[in-house]
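Colleague: Please read through the structure below; I'll follow up with questions.
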Amino acid sequence: MNILVTICARAGSKGARNKNIRNFCDHPLVLYTLEAYRSFCDKAEGIEGCIRLALNTDSKELIEQMEESGVDYILVRREEELAGGAVAKFDVIKDTLLKAEVMCETNFDIVLDLDLTSPLRTWKDIDGTLSALLDDEEADLAYSVTDARRSPYFNMVCKKEDGYYGTVLTSNFVARQQTPVCYDMNASIYAYRRNYLLHGTMHKRKAQIWEMADTGILDIDSDEDFELMEVIFRFMMERRQEFREQFCKLFSV
């Protein structure tokens, strides 16, 4: 089984300026994803085949940070038509797969996408998401989630056709305990089968999930997110052994 791990990050950002190349707790943000990737490769068991890393970007600064990290990776330069803020990441990952297969002269069975702005992940989360996909032969993909803080049946509202607001989902439930268990997609990790990524659609799919710790609910999309996530990360480094082990190369712990 050949696995392609992708990091897809364009230059610029509307939410937090240049978020993909900023420092997070005194180190370039991308290094936290790279440390999770390295730990996953070191800990991966039972995987026969290759694991390769590909970066898809149009950012010169991010490329420089990758080069300085010393990690072995494939560079896929972001096409201009895929660089806009309204472009679906699904299409960028698909483009990365196609170009990486040509460069490596290899077909990849699975694509694991790691979001650069989600630093609070461990190698176990990557392995768990991959296992969630592989354990179900009918599944097209798997992705990371956390427990939902809001319920679409009770305390999530949207504007209705009559111009007034109501719950996202209408039901006869009278207590939250009666509703189906809901999760928040945290966009940290996606695992795709090759055939689905090349021939499937975003809206018709069979998906499995991997539940991450609730602290992984946030991804960085604003200056406030940076500040909050740094506080959470330092807390996790104090309290969680797996965090200290994974990021020991970045910090003297």
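The values are calculated or read from the model by the stated rules, or taken from the named source; none is laboratory data. As the structure is a computational prediction, the values presented were derived from the model and not from experiment. Virtual Cβ from ideal backbone geometry, glycine too; neighbours counted across all protein chains shown. We work out accessible area using only protein heavy atoms, side chains counted, and drop any ligands, DNA or RNA first. Shrake-Rupley method; radii C 1.70, N 1.55, O 1.52, S 1.80 Å.
Colleague: Does L198 count as aliphatic (A, V, I, L, M), open to solvent by less than 40 Å² (accessible area, probe 1.4 Å) and under 25 Å from L120 (Cβ atoms)?
Modeller: Against the criterion (aliphatic (A, V, I, L, M), open to solvent by less than 40 Å² (accessible area, probe 1.4 Å) and under 25 Å from L120 (Cβ atoms)), L198 does not qualify.
Colleague: Within the range 1-30, can you find the residues that are open to solvent by 40 Å² or more (accessible area, probe 1.4 Å) and either in a loop (DSSP other than H, G, I, E, B) or among the aliphatic types (A, V, I, L, M) (or both)?
Modeller: Passing the criteria: M1, R10, A11, K14, G15, R17, N18, I21, R22, D26.
Colleague: Here's something else I'd like to know. I'd like to check something: does the range 234-249 contain any residue that is in contact with a helix residue (DSSP H, G or I) (Cβ under 7 Å, 6 or more places away or on another chain), within 27 Å of T96 (Cβ to Cβ) and at pLDDT 90 or above?
Modeller: There is at least one residue in the range 234-249 that is in contact with a helix residue (DSSP H, G or I) (Cβ under 7 Å, 6 or more places away or on another chain), within 27 Å of T96 (Cβ to Cβ) and at pLDDT 90 or above.
Colleague: Suppose we filter E161, E224 for residues that are farther than 26 Å from R10 by Cβ and either at pLDDT below 90 or open to solvent by 80 Å² or more (accessible area, probe 1.4 Å) (or both); which single one remains?
Modeller: Of the residues listed, the single one that is farther than 26 Å from R10 by Cβ and either at pLDDT below 90 or open to solvent by 80 Å² or more (accessible area, probe 1.4 Å) (or both) is E161.
Colleague: Please give the number of the condition T96 fails out of (1) over 16 Å from S188 (Cα atoms); (2) of a type in the set (S, T, Y); (3) part of a helix (DSSP H, G or I); (4) open to solvent by 10 Å² or more (accessible area, probe 1.4 Å).
Modeller: For T96, the failing item is (4).
Colleague: So, of the residues in the range 31-46 that are hydrophobic (A, V, I, L, M, F, W, C) and open to solvent by 10 Å² or more (accessible area, probe 1.4 Å), which turns out to be farthest from K89 (Cα to Cα)?
Modeller: A44
Colleague: Condition first: over 17 Å from Q246 (Cβ atoms) and hydrophobic (A, V, I, L, M, F, W, C). Now tell me which residues in the range 16-36 satisfy that.
Modeller: Correct list: A16, I21.
Colleague: Right, here's the next one. Would you confirm whether any residue within the range 106-119 is surrounded by fewer than 21 Cβ atoms within 10 Å (Cβ to Cβ) and without any contact (Cβ under 8 Å) to a residue 24 or more places away in the chain?
Modeller: Checking the range 106-119: not a single residue is surrounded by fewer than 21 Cβ atoms within 10 Å (Cβ to Cβ) and without any contact (Cβ under 8 Å) to a residue 24 or more places away in the chain.
Colleague: Next up: Report, ordered by the first and then the second residue, all pairs with beta carbons closer than 9 Å, sequence separation of six or more or different chains, a first member in the range 157-183 that is touching a residue at least 12 places away in the same chain (Cβ under 8 Å) and over 20 Å from D147 (Cα atoms), and a second member that is open to solvent by less than 60 Å² (accessible area, probe 1.4 Å) and hydroxyl-bearing (S, T, Y).
Modeller: Once the first residue is touching a residue at least 12 places away in the same chain (Cβ under 8 Å) and over 20 Å from D147 (Cα atoms) and sits in the range 157-183, its partners that are open to solvent by less than 60 Å² (accessible area, probe 1.4 Å) and hydroxyl-bearing (S, T, Y) give S171/Y153; S171/T179.
Colleague: Exactly one of these conditions fails for D26: (1) farther than 28 Å from E227 by Cβ; (2) more than 19 Å from the chain's Cα centre (by Cα). Give me its number.
Modeller: Failing condition for D26: (1).
Colleague: Another one. Which condition number in (1) modelled with pLDDT of 95 or more; (2) open to solvent by less than 70 Å² (accessible area, probe 1.4 Å); (3) among the β-branched types (V, I, T) is the one that V102 fails?
Modeller: Evaluating V102 over (1) modelled with pLDDT of 95 or more; (2) open to solvent by less than 70 Å² (accessible area, probe 1.4 Å); (3) among the β-branched types (V, I, T) leaves (2) as the failure.
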